[in-house]
Amino acid sequence: MSPEFKTILKILDPTDTLVVLSEFWNEIAKGLSSASRHELSEIQIVCENGERRSLKDTYLRTKDLKLYSFPDLSFLPIDDPDSYRWHFLKDLGVTTQVNALFYLKHLEQLSKAGSDDRDAIAEIYTQLYARFQDDSFAIR
């Protein structure tokens, strides 16, 4: 990322940064290195639950994810999350749909929290097993 763009990121509120990125993502993404994408995925943002998380550790409250109310899901404070303008967030590690990666991320967060909720963990493994054929690459 250019020094100018890094300065903009420091000045803007993280939520405003997401709006700017959504407006210019098609142009920005073409020139981004994987290191720059990683740097953007580390932007810290205060989520709906009040927790500060890196973008890559957050969720977008799409119609698919609205149905899940796990207490450890940190949803981004975004109006109209089903809008096409927010699709780019998946490129920065934001979970936007229920798939194998959703369950892997949830399992990782339970592990980081030191959870021993055997029922929740068993359910995650059941879901991963059920989705293995759909996304075996992500589960490996």
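Computed from the coordinates by the stated procedures, all read-outs in this text should not be read as laboratory data. Note that the coordinates shown come from a computational prediction; the quantities given were computed from them, not determined experimentally. Cβ atoms come from the backbone with ideal geometry, glycine included; neighbour counts cover every protein chain shown.
Going down the list LYS6/LYS112; LYS66/LYS105; LYS6/LYS63; LYS10/LYS56; LYS10/LYS63; LYS10/LYS66, which pairs span over 22 Å between their C-alpha atoms? Check vs 22 Å cut-off fails for LYS6/LYS112; LYS6/LYS63; LYS10/LYS63; LYS10/LYS66.
Among the trypsin sites (Lys or Arg not before Pro) in segment 1-87, those placed in a DSSP loop whose Cβ has at most 15 other Cβ atoms within 10 Å are LYS63, LYS66. Among VAL94, VAL46, VAL20, the largest mean-square fluctuation in a Gaussian network model of the chain, built with springs joining Cα atoms closer than 10 Å, belongs to VAL20. Split the chain at each of the GluC sites (Glu not before Pro) in a DSSP loop with at most 15 other beta carbon atoms within 10 Å, and the longest piece is 52-140. Compute a Gaussian network model of the chain, connecting alpha carbons closer than 10 Å, and tell me which residue from THR62, THR96, THR126 fluctuates the most. Most flexible of the set in this elastic network: THR126. Considering only LEU92, LEU73, LEU107, the Gaussian network model of the chain with Cα springs below 10 Å gives its largest mean-square fluctuation to LEU107. Per residue, the convex hull spanned by the Cα atoms of segment 1-118 amounts to 114 cubic angstrom. Normalising the Debye intensity of segment 53-94 to I(0), with uniform scatterers on Cα atoms only, and taking log10 at q = 0.19, 0.23 Å⁻¹ returns -0.52, -0.76.
Per-residue extension of 0.36 nm, minus the Cα-Cα distance of ARG118 and GLU39, leaves a gain of 25.0 nm for this segment.
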